[in-house]
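The values are calculated or read from the model by the stated rules, or taken from the named source; none is laboratory data. Quick caveat: nothing in here was measured; it's all calculated off a predicted structure. Cβ coordinates were reconstructed from backbone atoms using ideal geometry, including for glycine residues, and neighbour counts include every protein chain displayed.
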């Protein structure tokens, strides 16, 4: 590609926000160059939503949608009002990719293939005239005063009137998100909040939980304590893994647990029967025992413990005789079973690393960006989009919506 060409806009990063920005600017008649260091575009996008791509969350009211972005909501209202959830649906359906809405308002492509999202973006960009340069590593960004004057790559130096950085954060580094953009932004004079995994599994030290790896507990309540003081509770589905806890419920509260870990020793209790107090649960188990008087405890446990979880519960019951007939179970033993099912103990020793994070925060504070345009307040011809922005958000389509919105607004204004 000719390095003597001066482009109207250069976009660095071929992920969700970068492709959105490049396509938008080119559709307005601008000469756009998109640079991506991977051999192919949208590497992280291809694995989102388990390969199905949770495109957005179908929460159409802007204020309600933004309530999921914490302190960032007051900065993002203007950009989300310009390109929000409704516009996202219209955009993708206009490209021939209809969406379907599933549980918790999560929207996916009807084809259920994240790769199809990448395909329609590539076609959209090519139809709009975007010049795409893949397998090209950016080594340095050239600056003169408050303006960028060029980008030095391993294939030459490229120049443009305006620039958009959309290189992503640091989650899933295997897809190329290795934090390059954070380094460049620091060099350009921006403050960068150090990234931490915010939607990430929890690491635990309890062997009983590890032995039921791959099993989910459904409709349970988990309560977190710091130094034995109760902090908060949540209900939902918990997935046990060989290293700890995962699943949507855990992923979405990981950022709160991260704060607790700064305060002291974090412990959790899982209530397998949150809708019944200990008295009601005791009556339920007594009735089950009466119906199975001549059966061994190890067999009757399957009647009172969620599928796949008996090994873990047996480990917690310790030296209780599993071959004992239930009609010989003492009151004290039965109450131990009740108390165990109401308070399965979990010791939280940390969060899994950035390599397992679905989303990581960190990046440019929104106070350093004009969020009506996504223009840097430090570099006059620089725009910033996507995961380079320091925004906390849960899973469920909120991260990609942030990319679509900020990418579209940056592409429009750059």
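Listed values, structure above:
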item	result
Residues located in the stretch 14-40, provided they are modelled with pLDDT under 95 and in contact with a strand residue (DSSP E or B) (Cβ under 8 Å, 6 or more places away or on another chain)	37
Matching residues, the stretch 4-38, being out of contact with any helix residue (DSSP H, G or I) (no Cβ under 6 Å at 6 or more places or on another chain) and in a strand (DSSP E or B)	6, 7, 8, 10, 12, 33, 35
Boolean, residue 54 is touching a residue at least 12 places away in the same chain (Cβ under 8 Å) and either surrounded by fewer than 24 Cβ atoms within 10 Å (Cβ to Cβ) or under 22 Å from residue 396 (Cα atoms) (or both)	yes
Filtered residues of the stretch 154-168 (kept if within 16 Å of residue 36 (Cα to Cα) and surrounded by fewer than 21 Cβ atoms within 10 Å (Cβ to Cβ))	154, 155, 156, 157, 159
Members of the stretch 235-268 found to be part of a strand (DSSP E or B) and either touching a strand residue (DSSP E or B) at 6+ places or on another chain (Cβ under 6 Å) or surrounded by fewer than 18 Cβ atoms within 10 Å (Cβ to Cβ) (or both), listed by number	235, 236, 237, 238, 239, 244, 245, 246, 266, 267, 268
Those residues of the stretch 285-311 which are over 41 Å from the mean Cα position of the chain (by Cα) and in a helix (DSSP H, G or I), in sequence order	286, 287, 288, 289, 290, 291, 297
Residues of the stretch 194-220 classified as at pLDDT below 90 and loosely packed, with under 13 Cβ neighbours inside 10 Å, total	1
Every pair of residues 6+ apart whose Cβ atoms lie under 6 Å, when the first sits in the stretch 398-414 and is closer than 16 Å to residue 63 by Cα while the second is in a loop (DSSP other than H, G, I, E, B) and modelled with pLDDT of 95 or more	405/83
The lone exception for residue 49 - which of (1) over 25 Å from residue 253 (Cβ atoms); (2) buried (at least 20 other Cβ atoms within 10 Å of the Cβ) it fails	(1)
Options 363, 318; residue that is closer than 23 Å to residue 255 by Cβ, at pLDDT below 90 and not assigned by TED's automatic domain parsing to the domain that holds residue 222	363
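Listed here are the residues, each with its yes/no results for (1) part of a strand (DSSP E or B); (2) surrounded by 14 or more Cβ atoms within 10 Å (Cβ to Cβ).
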{"residue": "270", "(1), (2)": "yes, yes"}
{"residue": "280", "(1), (2)": "no, no"}
{"residue": "313", "(1), (2)": "no, yes"}
{"residue": "332", "(1), (2)": "no, no"}
{"residue": "340", "(1), (2)": "no, yes"}
{"residue": "349", "(1), (2)": "yes, yes"}
